[in-house]
1. In the stretch 72-110, what residues are farther than 23 Å from Ser47 by Cα and either in a helix (DSSP H, G or I) or in contact with a helix residue (DSSP H, G or I) (Cβ under 8 Å, 6 or more places away or on another chain) (or both)?
2. When the stretch 165-177 is examined, which residues are found to be of a type outside the set (S, T, N, Q) and either within 15 Å of the ligand (Cβ to nearest atom) or over 15 Å from the mean Cα position of the chain (by Cα) (or both)?
3. Tally up the residues in the stretch 201-254 that are touching a Lys or Arg at 6+ places or on another chain (Cβ under 8 Å), part of a loop (DSSP other than H, G, I, E, B) and surrounded by fewer than 19 Cβ atoms within 10 Å (Cβ to Cβ), please.
4. State all residues of the stretch 92-120 that are among the aliphatic types (A, V, I, L, M) and either without any contact (Cβ under 8 Å) to a residue 12 or more places away in the chain or more than 15 Å from Val131 (Cα to Cα) (or both); if no residue qualifies, say none.
5. Here are Ile160, Ile182, Ile138: which of them is in contact with a helix residue (DSSP H, G or I) (Cβ under 9 Å, 6 or more places away or on another chain), away from the ligand (no atom under 15 Å from the Cβ) and at negative phi?
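Where a number appears in this text, it was derived from the coordinates with a stated rule and is not lab data. Computed from a predicted structure; not experimentally measured. Here the Cβ positions follow ideal geometry from the backbone for every residue, glycine too, while neighbour counts run over all protein chains shown.
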Amino acid sequence: MQINVVSDVHYQLEGLAAAADGADLFICLGDLVLFLDYDDPDNGIFSDLFGPANTERYIRLRSAKRFEEARAFGRELWESIGADPWQEISQRVGEQYEQLFSAMPDGLLTFGNVDVPAMWPGHAGDGHRIVDGESIVIDDIRLGFVGGGLRTPMRTPFEISDEDFQAKVDRLGPVDVLCSHIPPAVGEICYDVEARRLERGSVALRRYIEEFQPRYALHGHVHNPLVPAVTIGRTQVLNVGHFRRRMRPFELFL
Ligand SMILES: [Mn+2]
């Protein structure tokens, strides 16, 4: 069985429709929206609203962990255009989702931290099955899904409490393939060498892997990982890669 997996699509339409070519099953681990492009401030919703120069400054403040200043600067920008932030953002997120879900192959999809879950059902097609905090069996292979991120000072749109995240993990039971947006909390797979920061991994996922030992634990979230793969006991933990940059899926053969 061939499973093709993408994550961190971030509004990359190129290559998306072909991402399931040759596969028996297609999985998307979320982060569909492009709000801020840390690689290129010309792209993304923030840049569309406020221009690349303001975006560069906003990214610089956030990257330097000057979150209070970044928020104040953001408020100033919103006041300057006199628009309701949520209305403006949700309209643009909806436009991205419309194109993304049109190109997205049929398969199993879970949320990233840069997603708006409430908007998915309105855009997803009949062949898109949205799974979060549940396990399903396909061709005798049991797959478990845990979407979203944990709370961080970045305050991305879909960050949940440790308790809520744990509750989703607790619902899975034993699986062959664990699928999550964020990685288990292991230092070297959580460190992003370009952003030069430790992304937040999940202790609940790490403990789950230690206990249940799935064959594979697939994740995304860390765009430029120090280490893309580790083993925890018998489990191979694999970062499926940053689709926005790679423009091709990760292929898993079972
Ligand atoms: Mn991402």
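1. Ser102, Ala103, Leu109 - these are the residues of the stretch 72-110 that are farther than 23 Å from Ser47 by Cα and either in a helix (DSSP H, G or I) or in contact with a helix residue (DSSP H, G or I) (Cβ under 8 Å, 6 or more places away or on another chain) (or both).
2. Within the stretch 165-177, Ala167, Lys168, Val169, Asp170, Arg171, Leu172, Gly173, Pro174, Val175, Asp176, Val177 qualify.
3. Within the stretch 201-254, residues that are touching a Lys or Arg at 6+ places or on another chain (Cβ under 8 Å), part of a loop (DSSP other than H, G, I, E, B) and surrounded by fewer than 19 Cβ atoms within 10 Å (Cβ to Cβ) number 4.
4. Those that are among the aliphatic types (A, V, I, L, M) and either without any contact (Cβ under 8 Å) to a residue 12 or more places away in the chain or more than 15 Å from Val131 (Cα to Cα) (or both): Val93, Leu100, Ala103, Met104, Val114, Ala118.
5. Numbers: Ile182 fails: away from the ligand (no atom under 15 Å from the Cβ); Ile138 fails: in contact with a helix residue (DSSP H, G or I) (Cβ under 9 Å, 6 or more places away or on another chain).
Answer to the check: Ile160.
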